[in-house]
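Asker: Have a look at this one.
The values are calculated or read from the model by the stated rules, or taken from the named source; none is laboratory data. The shown structure was predicted, so the numbers you read here are calculated from the model rather than taken from an experiment. All Cβ positions, glycine included, derive from the backbone under ideal geometry; neighbour counts span all protein chains shown. To get the accessible areas, we keep the full protein, side chains included, count just its heavy atoms, and leave off ligands, DNA and RNA. Shrake-Rupley method; radii C 1.70, N 1.55, O 1.52, S 1.80 Å.
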Amino acid sequence: MLHRSLSYLTFAHMAISKRWFDSGKGSLLNSSVFLLKFLTIIFLVIFFCEFLLYYFVIFWCAWPNLKNASSAHSSTPLKAMFLSDTHLLGEIKGHWFDKLRREWQMERAYQSALWLMQPDIVFILGDLFDEGKWSNSKAWDYDVLRFQSMFRHPPQTELIVVVGNHDVGFHYEMTEHKVKRFERVFNITSEKVVTRKGINFVLVNSVALEGDGCVICRAEEDRIFKVSRQLNCSRKHYPLYRASDSECTGEDSASPEEKQVLFIEKYDVLSQDASKKLLQLIQPRLILSGHTHSACTVFHGDVQEISIPSFSWRNRNNPSFIMGLITAEDFALEKCFLPTENTVIYTYSVASMLLFLYAVFQLSLINALKSFFVPKEKPV
């Protein structure tokens, strides 16, 4: 009888130990599964916000329709993309995390747009760099390498840039050395007029249109005189003269406070004299400009000028770029917005809150299972 009782007790102890061991294995397995799920969700959220979101948003953009595209005399349109004011941060004012974040955003947006839209040519309308006007040779070379890496493009797409005041300095800061190194790097020394598919584009250093007879200013004015009879379309950095952005509309135009600020000639916009001279000499049918970081559409007589907002999220919450189909007879433009930074912030915030609640629930469940299956030790 005693032997049976001992055997029963031994068997019961072994059963309880096995149940405790199995529950321990199950608890460990549950913890591993929970951790795997948790890390997978984190990866998917980051992958969506930092990679997939750009494709998802730009996918809904489309090239515009040309009115005369079906004409028997119409040529194959040039597919052009226009963006402005990338402002790659430099070593003086640029914090490393700010650089990392903004450059990643611009690179992903640009590469996504190239892959989806496949333009023939891309124009960047000035202020490629934030500190080009201050950069020494070493810092300049480093900034250029980063720019070329971010804005790389396939052989079938051409990239053309326009100089801006942050690239070579305002008129009083600009030197021949800064202008020449910019032109040398981006191969625009000998080609101030770009002709593609019968369409002429002029690259104007609007910083040099000061009208005070400086060496660089005279050279730029001479170039404009030489090409004035050839041009159909004009691309600049500074906008032509306008008093302010008060008449600008659209969700990516300047804020109500900024619209009340009067522009300074030769700083925010070209002078009235320089604007009139360019319109008379070039006689463009379309003007695209940058510099203000906000969108605006104005008319100079019957000539339309479109200011393109900054491509950097550092300068605005909702960057955009322009897509254009252009022929020698006609053109059509369409604006394409990029993901807003608020969307990314909200996505991360909501995902973090849900992950926190999920973690609390799962950990509570695991602890509850542990307390149910693991036998409590009786006091001796």
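Asker: When you scan segment 120-134, do you find a residue that is at pLDDT 95 or above, open to solvent by 10 Å² or more (accessible area, probe 1.4 Å) and outside any helix (DSSP H, G or I), even just one?
Answerer: yes
Residue by residue, here is whether (1) outside any helix (DSSP H, G or I); (2) modelled with pLDDT of 65 or more; (3) open to solvent by 60 Å² or more (accessible area, probe 1.4 Å) holds:
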position	(1), (2), (3)
353	no, yes, yes
358	no, yes, no
362	no, yes, no
368	no, no, no
372	no, no, yes
380	yes, no, yes
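Asker: Mind checking whether some residue in segment 261-268 is open to solvent by less than 30 Å² (accessible area, probe 1.4 Å) and among the aliphatic types (A, V, I, L, M)?
Answerer: No, that holds for no residue.
Asker: Could you grab me the full set of residues in segment 314-338 that are open to solvent by 10 Å² or more (accessible area, probe 1.4 Å) and either under 18 Å from residue 105 (Cβ atoms) or not in a strand (DSSP E or B) (or both)?
Answerer: Across segment 314-338, the qualifying residues are 314, 315, 316, 317, 318, 328, 329, 330, 337.
Asker: Among the residues of segment 244-253, which ones are closer than 25 Å to residue 279 by Cα and in contact with a strand residue (DSSP E or B) (Cβ under 9 Å, 6 or more places away or on another chain)?
Answerer: Once the filter is applied, which keeps residues that are closer than 25 Å to residue 279 by Cα and in contact with a strand residue (DSSP E or B) (Cβ under 9 Å, 6 or more places away or on another chain), segment 244-253 yields 245, 247, 248, 249, 253.
Asker: Take the residues in segment 135-159 that are charged (D, E, K, R), over 23 Å from residue 53 (Cα atoms) and open to solvent by 30 Å² or more (accessible area, probe 1.4 Å); name whichever of them is nearest to the chain's Cα centre (by Cα).
Answerer: Top of the filtered list is 158.
Asker: Here is a follow-up. Restricting to segment 61-83, name every residue that is modelled with pLDDT of 90 or more and either within 14 Å of residue 129 (Cα to Cα) or surrounded by 14 or more Cβ atoms within 10 Å (Cβ to Cβ) (or both).
Answerer: Passing the criteria: 61, 63, 64, 77, 78, 79, 80, 81, 82, 83.
Asker: Out of the residues in segment 277-292 that are open to solvent by 40 Å² or more (accessible area, probe 1.4 Å) and out of contact with any Leu (no Cβ under 9 Å at 6 or more places or on another chain), which is farthest from residue 332 (Cα to Cα)?
Answerer: Per the stated criteria, the residue is 280.
Asker: Count, please, the residues in segment 84-101 that happen to be in contact with a Leu (Cβ under 7 Å, 6 or more places away or on another chain) and surrounded by 15 or more Cβ atoms within 10 Å (Cβ to Cβ).
Answerer: Start the filter on segment 84-101 by keeping residues that are in contact with a Leu (Cβ under 7 Å, 6 or more places away or on another chain), which leaves 84, 86, 88, 98-99.
Still in the running and surrounded by 15 or more Cβ atoms within 10 Å (Cβ to Cβ): 84, 86, 88, 99.
Summing the residues that are in contact with a Leu (Cβ under 7 Å, 6 or more places away or on another chain) and surrounded by 15 or more Cβ atoms within 10 Å (Cβ to Cβ) in segment 84-101 gives 4.
Asker: Would you point out the residue of segment 293-311, among those that are among the hydroxyl-bearing types (Ser, Thr, Tyr) and farther than 18 Å from residue 266 by Cβ, that is most open to solvent (accessible area, probe 1.4 Å)? Give the steps one after another, and end with the answer.
Answerer: Taking segment 293-311 first, the residues among the hydroxyl-bearing types (Ser, Thr, Tyr) are 294, 297, 307, 310.
Then drop every residue that is not farther than 18 Å from residue 266 by Cβ, which leaves 294, 297, 310.
Details: 294: 9, 297: 72, 310: 0 Å².
For segment 293-311, the residue satisfying everything is 297.
Asker: Can you pull out the residues in segment 109-119 that are assigned to a helix (DSSP H, G or I) and open to solvent by less than 20 Å² (accessible area, probe 1.4 Å)?
Answerer: Correct list: 109, 110, 112, 113, 114, 117.
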